[in-house]
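The values are calculated or read from the model by the stated rules, or taken from the named source; none is laboratory data. Computed from a predicted model, the values in this text were never measured in an experiment. No Cβ is skipped: glycine too gets one built from the backbone with ideal geometry, and neighbour counts run over all protein chains shown. Side chains are part of the model used for accessible areas, which takes the heavy atoms of the whole protein and leaves out ligands, DNA and RNA. Shrake-Rupley method; radii C 1.70, N 1.55, O 1.52, S 1.80 Å.
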Amino acid sequence: QVQLVESGGGLVQPGGSLRISCAASGSIFSINHMGWYRQAPGKQRELVATVTSGGNTAYADSVKGRFTISRDNAKKTVYLQMNALKPDDTAVYYCNLYPAPLHPWGQGTQVTVSS
């Protein structure tokens, strides 16, 4: 069983950068594909970025070129580097397995982009 704890969110100005992290427990982390998801107020949760067990990455069109997902299997941690942030990026960000997320979801980390 994998448990996930997100951290690193905060308030940032438009155009700024932030890196959020997801620490996992469990011995099977390295063989799982992982994803970062987000949910903005009043909207459905959406997939933002994925990284396979082998390190291949993919991104939603809305964040392509601005966000970078990475993983450190030795530390059982997944990162999301977010650059050129926009107010539309404001959301609670969650990490989870991909394509079959664990339930229940973790608490997420709030990212607010505002001047």
Worksheet item: If you take the residues in segment 19-39 that are in a loop (DSSP other than H, G, I, E, B) and exposed (fewer than 14 other Cβ atoms within 10 Å of the Cβ), which one is modelled with the lowest pLDDT?
Response: S27
Discussion item. Quick test for you: out of G16, G42, pick the one residue that is among the small types (G, A, S), open to solvent by less than 70 Å² (accessible area, probe 1.4 Å) and in a loop (DSSP other than H, G, I, E, B).
Written reply: G16
Worksheet entry | In segment 101-112, residue nearest to G10 (Cα to Cα) [restricted to those that are assigned to a loop (DSSP other than H, G, I, E, B) and either modelled with pLDDT under 95 or open to solvent by 50 Å² or more (accessible area, probe 1.4 Å) (or both)] | Q107
Discussion item. Quick test for you: out of S115, S70, S62, pick the one residue that is within 13 Å of V12 (Cβ to Cβ) and either open to solvent by 50 Å² or more (accessible area, probe 1.4 Å) or outside any loop (DSSP other than H, G, I, E, B) (or both).
Written reply: S115
Worksheet item: Can we say T50 is open to solvent by 40 Å² or more (accessible area, probe 1.4 Å), in a strand (DSSP E or B), among the hydroxyl-bearing types (S, T, Y) and in contact (Cβ under 8 Å) with a residue 12 or more places away in the chain?
Response: no
Discussion item. Six or more apart or on different chains, Cβ atoms under 7 Å: show the pairs whose first residue is in segment 25-36 and on the phi > 0 side of the Ramachandran plot and whose second is assigned to a strand (DSSP E or B) and open to solvent by 30 Å² or more (accessible area, probe 1.4 Å).
Written reply: G26/Q3
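Collect the residues in segment 83-100 that are in a loop (DSSP other than H, G, I, E, B), in contact (Cβ under 8 Å) with a residue 40 or more places away in the chain and open to solvent by 40 Å² or more (accessible area, probe 1.4 Å), keeping them in residue-number order.
N83, A84, K86, Y98, P99
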